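Enquirer: To start, I am sharing the structure in question, which I have written as structure tokens.
The values are calculated or read from the model by the stated rules, or taken from the named source; none is laboratory data. Keep in mind the model is a prediction, meaning the values are calculated, not measured. For neighbour counting, all protein chains shown are included, and Cβ atoms are generated from backbone atoms with ideal geometry for every residue, glycine included. Calculation scope for accessible area: heavy atoms of the full protein, side chains included, ligands and nucleic acids excluded. Shrake-Rupley method; radii C 1.70, N 1.55, O 1.52, S 1.80 Å.
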Amino acid sequence: MTAPTKPSAFEPSRYIWKGPALSEARSLPANCYTSEAFFKAEVENIHARGWIIVGRVDEWANPGQYRSVDTVGGPVLVVRDEAGTLRAFANFCRHRGALLLEGCGTARKILCPYHAWSYRLNGAVLAAPSMDETEGFDKAEYGLLPIRLETWAGFVFINYSNDAPPVKEDIGDLADLLASHNMDDMVVTWRKDIEARCNWKLLVENAMESYHTGTVHAATVGAQKSVSFSGIGEWMGMQVLSKSSIAVMNSAKPPFQPIDGLSDQAQQGTFFMFLHPTTQFCCAQDCMWWLTVRPVAADRTVLSIGGCFPRKTVEQSNFEADAAPYYKRWESVALEDVGVLEKLQTALHSRLFQPGPLSWRDDLVHTFDQWVMDRMPEAARSL
Ligand code: FES
Ligand SMILES: [Fe+2]
């Protein structure tokens, strides 16, 4: 018996639709989700140039507050320095490379746990024991390595590339669409990281269609209807139509008032807006949550979620109790998604796997896949 042939090479004309009918489009070949070589090419061509969310400005309210974040480019330390400037550094010591700070907290200086070099919060070397007797050593040359950091609407982003466009350019006119949510005035009250044994693109594709909601989320949020958007900038998205916030489960009545001054369009439903390459802003009528995927390997990703409410809402006396159902909903729905996506990842290893036809409800899946493949070099397509 002849062994079946597993499709492995990427064939753009066959898989990437350029014609008039979405029904001609196919999902990507399996190797795009399973090959470590393909994943490495994505890191170089996509993630090393994309804006990565590391948190919200209010998580670093005071000088000395720090948070370590694992990124696709390695460990990062984000700290507010003595002068109040928020900074990002590669989180390793310039001596022999030990990891510096872990978790989050407040520090007056950054002390290496290995040979006790220390750094000021602005990254400059404070002290390097015994190094003044080492010929040619100049501590001014060994400050922590800075990483580009920018903020938008209260979000803190980093980028490994110094020549990538500013984050505002990637956001483009998405800023207008989300302006009435006034995210600058929101406070983050909940964070959750979920390990997912699947490729990062499966999480993004899944976040870009409401086709699966009636089955995967039957017990939580149920079937949803959405309309797709795109505009100027590195974004695309959809709005799930519902006059009442869908940030609580099973059509429960939301306990919080809608955000003051929401635009007519924002009142029609929840925006699920994706900023390439890894972030989704979910803006409901009464709150906002974000999802960002942190790729680890071809088949491993961390899904990081944060939940925010307007400052006025958070100041209400019953806030903690009323917010609990939102946290439950965000976590339950994410776990349902991860559960089904891990099944996809397993099945992608089938020798018989073939990219399937996309539904009209998968329009943004196709758009995202095309965005990814447009950024990959020709040689990477057959990895
Ligand atoms: S590795 Fe940090 S002081 Fe040696
Ligand atoms: Fe989902």
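Enquirer: Rounded to the nearest 10 Å², what accessible area does D138 have for a 1.4 Å probe in the complete protein model?
Expert: Roll a 1.4 Å probe over it and D138 shows about 70 Å².
Enquirer: Please give every one of the lysines within straight-line cross-link reach of K243, meaning a C-alpha to C-alpha distance under 17 Å, and leave out same-chain neighbours fewer than 8 residues apart.
Expert: The qualifying lysines are K225, K253.
Enquirer: Something else: Only Cα pairs within less than 10 Å get springs; with that Gaussian network setup on the chain, which residue of G214, G97, G269 has the largest fluctuation?
Expert: Ranking G214, G97, G269 by mean-square fluctuation puts G97 first.
Enquirer: Arrange the residues M131, M208 by how much accessible surface each exposes, largest first, with a 1.4 angstrom probe.
Expert: Ranked from most to least accessible, the order is M131, M208.
Enquirer: When the accessible area of the chain is computed with all protein chains present and a 1.4 Å probe, what percentage of it is carbon and sulfur?
Expert: 51 percent
Enquirer: Using only DSSP helix segments of four residues or longer, with each worth -39500 (n - 2.57), what per-residue ellipticity at 222 nm results for the chain after dividing by its residue count and rounding to 500?
Expert: Value at 222 nm, helices only, nearest 500: -6000 deg cm²/dmol.
Enquirer: Order F157, F92, F229, most accessible first, counting only protein heavy atoms with a 1.4 angstrom probe.
Expert: F92, F229, F157
Enquirer: At 1.4 Å probe size, put Y33, Y142 in order of accessible surface, largest to smallest.
Expert: The residues order as Y142, Y33, largest area first.
Enquirer: Shifting gears a bit: Which value, in Å² and to the nearest 10, is the accessible area of L77 when all protein chains are kept and the probe is 1.4 Å?
Expert: Number for this one is 0 Å².
Enquirer: OK, next. Within the chain, which is the longest segment that contains none of the GluC sites (Glu not before Pro) sitting in a DSSP loop with at most 10 other Cβ atoms within 10 Å?
Expert: So the longest stretch without any such site is 136-314.
Enquirer: Taking only the alpha carbons of the chain, what extent do you get along each of the three principal axes, in Å, biggest first?
Expert: 70, 64, 35
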